Amino acid sequence: MHDGNIFGNSFKIVSFGESHGKCMGCVIDGCPAGVKISKQDIQKELDQRRPQNSIGSTKRAEPDQCEILSGVFNGYTTGAPICLIVWNKDVDSSYYESIKDTPRPGHADFTAFIKYGGFNDYRGGGRFSGRSTISIVLAGAIAKKILLTQLNIQILSYIKSVANISSKLPPPTDLSTIHRDPLTKCIDPSIIEDIKNAISDAQHQGDSLGGIIESIALNLPPGLGEPFFDTLEGDLSKILFAIPAVKAVEFGSGFMSSTLTGSKHNDPFIIKKGKILTSSNNSGGINGGISNGMPIIFRTTIKPTPSISISQKTVNIKTLQPTSIKIRGRHDTIIALRAVPVIESATAIVILDHAIRSHIIPPIIK
Ligand SMILES: Cc1cc2nc3c(=O)[nH]c(=O)nc-3n(C[C@H](O)[C@H](O)[C@H](O)COP(=O)(O)O)c2cc1C
């Protein structure tokens with residue numbers, strides 16, 4: 001059975017659609033009734049993900065307009081399944097016929113061929129296209145709105161680094177003063193020009209770049225997360241690794257934690273305005289898989305785009321002969337910038353799922 005397209009426990013999403021099929025979309029089951037939601041609320045998030053809104057992106061010109069097919073009546077969620085779709089409009093599959101027997105190195109062409117016995121829709125990467133992340137953004141738009149309006153939970157993701165160009169700024173503690181550059185998704189103006197130049201250089205060379213996205217979620221109440229297996233870190237990691245091209249995720253001090261001693265790494269407890277907090281946040285807001293009331297902080301590493309126009313070695317899966325491939329078509333020079341809004345949405349989906357599970361969000365919102 002191929003049954004990996006459902007995520008969540010109380011706020012469940014089903015992802016569907018292929019890059020060159022009719023549409024991309026999601027069905028949400030378990031959304032509370034009474035959430036005021038409009039097409040514009042969802043479109044605002046989708047627009048952040050559109051190629052036109054970050055540099056070094058594919059030339060595929062998709063309008064990415066969402067349609068609400070069910071579950072919303074008179075402007076409010078009804079408690080019934082919500083079906084959201086985006087039609088694929090700018091599809092050009094001609095090139096994919098010519099490379100269907102020569103898998104692209106670094107892409108999922110070979111593994112998908114094996115997994116589905118060659119029946120998979122390989123056009124534009126099919127289910128393994130970056131367009132599949134539309135389903136996360138559709139559901140995330142609703143999750144984000146509920147979290148913000150009900151619990152004032154604010155989520156922000158931004159580019160921390162591109163290749164070896166890295167921001168030294170600490171994660172923000174107040175989002176009201178933060179400006180995220182719309183095209184580079186950076187909040188540190190000092191690295192924007194270098195990033196633009198690096199992307200333009202890679203583009204001219206027919207190569208691609210990777211990057212790191214930092215994410216924060218503010219105002220989470222302590223107590224979210226269901227150990228042993230459904231920890232907050234575990235569920236976040238699961239949805240983050242569903243995003244194509246994600247190679248690593250680290251929370252708080254992450255990989256660096258192994259270089260510190262316990263006395264340096266532990267976050268001392270303090271009382272601030274009557275609340276129990278910690279004076280540092282090496283744990284990234286999570287202990288024992290449960291939110292501790294501090295900001296959730298994590299970083300996600302995105303690899304360089306696999307489809308590049310430089311010649312690479314591959315094999316013909318029918319003739320079993322070695323060959324080479326120079327990939328044409330419309331590809332992102334860097335995926336990381338486009339993944340920023342996707343990660344924000346993924347974060348919202350997990351936090352909302354746990355907030356409903358912990359009864360912090362009720363089944364009817366009045
Ligand atoms: C928003 C987004 C856009 C992407 N754009 C491209 C692209 O233009 N070309 C490409 O080869 N891969 C692109 N990818 C990455 C592939 O989908 C991904 O590398 C592939 O499915 C293999 O999965 P893996 O990298 O997780 O192993 C994109 C991913 C995301 C999240």
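Give me the percent relative contact order of the chain, please, defined on Cα pairs under 8 angstrom at least 6 residues apart. Please list the in-between numbers first.
Values: 745 pairs, mean separation 85.4, N = 366.
Here the relative contact order equals 23 percent.
A cut-off under 12 angstrom between Cβ atoms defines the neighbours of Ser10, and their net charge, with Lys, Arg +1 and Asp, Glu -1, is -3.
Give, rounded to the nearest 20 debye, the magnitude of the charge dipole that region 1-73 has about its Cα centre when Lys and Arg contribute +1 at Cβ and Asp and Glu contribute -1 at Cβ. Don't jump to the answer; show the numbers that get you there.
Numbers: 9 positive and 9 negative charges, 41 e Å.
Using only the charged Cβ atoms, the result is roughly 200 debye.
Among residues other than Ile99 whose Cβ falls under 13 Å from its Cβ, what is the net charge (Lys/Arg +1, Asp/Glu -1)? Provide the component values of the computation, followed by the final result.
Working: positive: Lys100, Arg104, Arg123, Lys318, Lys326, Arg328; negative: Glu97, Asp101, Asp109.
Combined, the nearby Lys, Arg, Asp and Glu give +3.
Cross-link pairs exceeding 26 Å in C-alpha to C-alpha distance, out of Lys12/Lys144; Lys185/Lys275; Lys247/Lys275; Lys185/Lys247, comprise Lys185/Lys275; Lys247/Lys275.
Going highest first, how would you order 315-324, 121-130 by mean Cβ packing within 10 Å? Intermediate values should be presented prior to the final figure.
Working: 315-324: 11.1, 121-130: 22.1.
Per-residue mean Cβ counts within 10 Å order the peptides as 121-130, 315-324.
Helix 134-151 axis versus longest C-alpha principal axis of the chain: approximately 10°, rounded to the nearest ten. Comparing Ile290, Ile343, Ile159 in a Gaussian network model of the chain, where Cα atoms under 10 Å apart are tied by springs, the biggest mean-square fluctuation is seen for Ile290. Taking the chain as a Gaussian network, Cα atoms linked when under 10 Å apart, which of Glu97, Glu214, Glu344 shows the biggest mean-square fluctuation? Among Glu97, Glu214, Glu344, the largest mean-square fluctuation in the Gaussian network model of the chain belongs to Glu97. Reported to the nearest whole Å, the Cα centre-to-centre distance from region 153-214 to region 1-77 is 25. Considering only Tyr76, Tyr96, Pro189, the residue lying farthest towards the positive end of the dipole of the chain is Tyr96, judged by Cα position with unit charges set on Cβ.
Which of the peptides 223-235, 345-357 is most tightly packed, and how do the rest follow, going by the mean number of other Cβ atoms within 10 Å of each residue? Display every interim value, and only then the final one.
On the way: 223-235: 18.1, 345-357: 26.5.
In decreasing order of mean packing, 223-235, 345-357 become 345-357, 223-235.
Give me the number: length gained by fully extending Ala33 to Asn316, i.e. 0.36 nm times residue separation minus the C-alpha to C-alpha distance, one decimal in nm.
96.7 nm
Among the aspartates and glutamates, which have Cα under 12 Å from the Cα of Lys44 when same-chain residues fewer than 8 positions away are ignored? Counting by Cα, and skipping residues close in sequence, Lys44 has these aspartates and glutamates nearby: Asp64. Taking a Cβ cut-off of under 14 Å around Glu214, the surrounding Lys, Arg, Asp and Glu residues balance to a net charge of +2, with basic ones at +1 and acidic ones at -1. Taking the chain as the reference, fit the longest principal axis to its C-alpha atoms, fit the long axis of helix 39-49 to the helix C-alpha atoms, and give the angle between the two in degrees, 0 to 90, nearest 10. Around 60 degrees separate the two axes.
When the Cα positions of Gly262, Thr177, Gln154 are compared along the charge dipole of the chain, Thr177 comes out farthest toward the positive end, with charges on each C-beta of Lys, Arg, Asp and Glu.
When the helices in the chain are scored as -39500 (n - 2.57) per DSSP H run of 4 or longer and the sum is shared across all residues, what 222 nm value do you end up with, to the nearest 500 deg cm²/dmol? After summing the helix terms and dividing by the residues of the chain, the value is -7500 deg cm²/dmol.
The order of Asp47, Asp174, Asp90, going from fewest to most other C-beta atoms within 10 Å of their C-beta, is Asp174, Asp90, Asp47. When the listed pairs Lys303/Lys326; Lys36/Lys59; Lys39/Lys196 are checked against a 25 Å cut-off, the alpha-carbon distance exceeds it for Lys36/Lys59; Lys39/Lys196. Helix 336-357 and the long axis of the chain differ in direction by around 40°, with both axes built from C-alpha atoms.
How big is the charge dipole of region 45-201 about its Cα centre, in debye rounded to the nearest 20, if each Lys and Arg gets +1 on its Cβ and each Asp and Glu gets -1 on its Cβ? It would help to have the intermediate numbers written out before the result.
Working: 18 positive and 17 negative charges, 55 e Å.
Computed about the Cα centre, the dipole is about 260 debye.
Got a sec? How would Thr305, Thr58 order by Cβ neighbour count within 10 Å, fewest to most? Lowest count first: Thr58, Thr305.
Every read-out reported here was derived from the displayed coordinates using simple, explicitly stated rules and does not represent laboratory data. Because the structure is predicted, anything quoted here is derived from the model rather than measured. A quick note on method: Cβ atoms are made from the backbone with ideal geometry, for glycine too, and the neighbour counts reach across all protein chains shown.
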